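Beneath this line is the structure, given in structure tokens, with notes to follow.
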Amino acid sequence: MRRSPAAEYRPMSLFRKKNIDHMLASRNADNSLSRTLGPLDLTLLGIGAIIGTGIFVLTGTGAVIAGPALMLSFFIAAIACCFAALAYAEFSSTIPVAGSIYTYSYATLGELAAWIIGWDLMLEYGLATSAVSVGWSGYLQSLLSGFGITLPEILTAAPGTVPDHITWFNLPAFLVIIAVTLLLSTGIRESTRINNVMVVIKLGVVLLVIAVGALHVQPANWHPFMPMGWSGVFGAAAVMFFAFIGFDSVSSAAEEVKNPKRDLPIGIIGSLAICATLYMAVAAVVTGVVPYSEFAHVSHPVSYVLQMIGADWVAGFVDLGAVLGMLTVILVMMYCQTRIIFAMSRDGLLPAALSRIHPRFQTPLITTWIVGIFFALIGALMPLDVLAELINIGTLAAFSMVSIAVLILRHTHPALPRAFRCPGVPLVPIFAVASCVFLMANLQAMTWVAFVIWLALGLIVYFSYSRQHAKIALSPAHE
């Protein structure tokens, strides 16, 4: 029996691309996600992913590197992120489907590039979830200790994490991911409502810190403003860049947005602008209240500043804000992880079961629980410093790819309707790529080695399974 032309048509080019019209039509397919999110949801989703470790931990690290000029370092890092944010805003509003930069790469750079960046994002979002769960566990245990509550030592950290102590399993880190998994599996509408409430509380805590701390600022602590010179400013900017990771998570929700052409740019750029302003304000307060040299080896710089001025009651709220702040980061990062896998599965690059939508909850239930259990175990059994090594390089690679994709799409589809156009093309995308590549070049050698190993495993999966099962190989609906 003669096979149909569509079945015979199996283009095996590594650079085959998805047809953009077919991608947009997938928003109305049977296994599409429900559209329930508005601009406020998206902005709070971005803020929920951004504000966390950046304010509550990295502020002290940056102050030691740059001194009072930390506020300038935050500004420089925000500008670098802004370049990528503008590119994300154009792409996500033009092609509003699940998958973020993976989906955009499939339409512009081809299947192999899309697979690599999708595989990369799976690692980034997953390890970010595990790493933040470990940090959340530490803050929670600190908060509970104030009420005289302590956990059995063996359940407080991963094996070998605490010198001279026997630890087997980080129970709080495990349980928080399982709780978030349960929340995400019941529906995005319910998840965003809880995220929105926690973000509002977190913003209130940050504003309280700024208001109380501003009353105790000593301008003399801002002199000299740049004790380490511009090298210190740029060095701290490289560190603070990662404090803004999260705004790109908004684009992962593109398929679930009511009016993506209007709301996605608002959510991406709005969340980045709000967080950049708060970061600079907090940096000004902490370096103005306490001399920057005192932040060496301080893991809780914001609450430390409040303790120095006798505002212990506010410091308690800061601990609560850190717990809520990191909880929202876990929620958003795990959400992004599941949507990336959902998009890759729907394209045939991963097994079809991973894109199956639950009839009641309208969520990828199987994917959500596989991701949740796997990375909950990683968070419980691996130390924070090991987890943190690979997160940054994946993010920088993604930012570079989306900026390159904007340039390609402008050339290949100049007439495509764009609700938002990235200004300053080609300069803005070029600046975005240059800044990301510069920071990637300054990462540790072991980070590159581990990253290359992960990509090698991804290529094995691609050539042994994904390339043959990709839906684009079975249909001429490609470009």
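The values are calculated or read from the model by the stated rules, or taken from the named source; none is laboratory data. From a predicted model like this one, the values you see are computed outputs, not experimental measurements. Using ideal geometry, Cβ is built from the backbone for each residue, glycine included, and neighbour counts are taken over all protein chains shown. When the accessible area is computed, the model is the full protein with side chains, heavy atoms only, and any ligands, DNA or RNA have been set aside. Shrake-Rupley method; radii C 1.70, N 1.55, O 1.52, S 1.80 Å.
In table form, for the structure just shown:
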| quantity | calculated |
| --- | --- |
| Residue in the stretch 207-228 that is closer than 24 Å to Met333 by Cα, in contact (Cβ under 8 Å) with a residue 40 or more places away in the chain and not aliphatic (A, V, I, L, M) present | no |
| Helices (runs of 4 or more DSSP H) within the stretch 4-97 that include 2 or more residues more than 30 Å from Pro219 (Cβ to Cβ) and at pLDDT below 80 | 5-8, 20-25, 39-50, 70-94 |
| Cβ-Cβ under 7 Å pairs, at least 6 apart or on other chains, the stretch 156-168 side open to solvent by 100 Å² or more (accessible area, probe 1.4 Å), far side assigned to a loop (DSSP other than H, G, I, E, B) and not polar (S, T, N, Q) | Trp168/Pro159 |
| Subset of the stretch 436-454 (residues that are in a helix (DSSP H, G or I) and open to solvent by 40 Å² or more (accessible area, probe 1.4 Å)) | Val437, Phe438, Ala441, Ala445, Met446, Trp448, Val449, Val452, Ile453, Trp454 |
| Checking Ala214 against (1) surrounded by fewer than 16 Cβ atoms within 10 Å (Cβ to Cβ); (2) at pLDDT below 90, the condition it does not meet | (2) |
| Residue among Met280, Met333, Met326 that alone is under 28 Å from Ala80 (Cα atoms) and either among the acidic types (Asp, Glu) or touching a Ser or Thr at 6+ places or on another chain (Cβ under 6 Å) (or both) | Met333 |
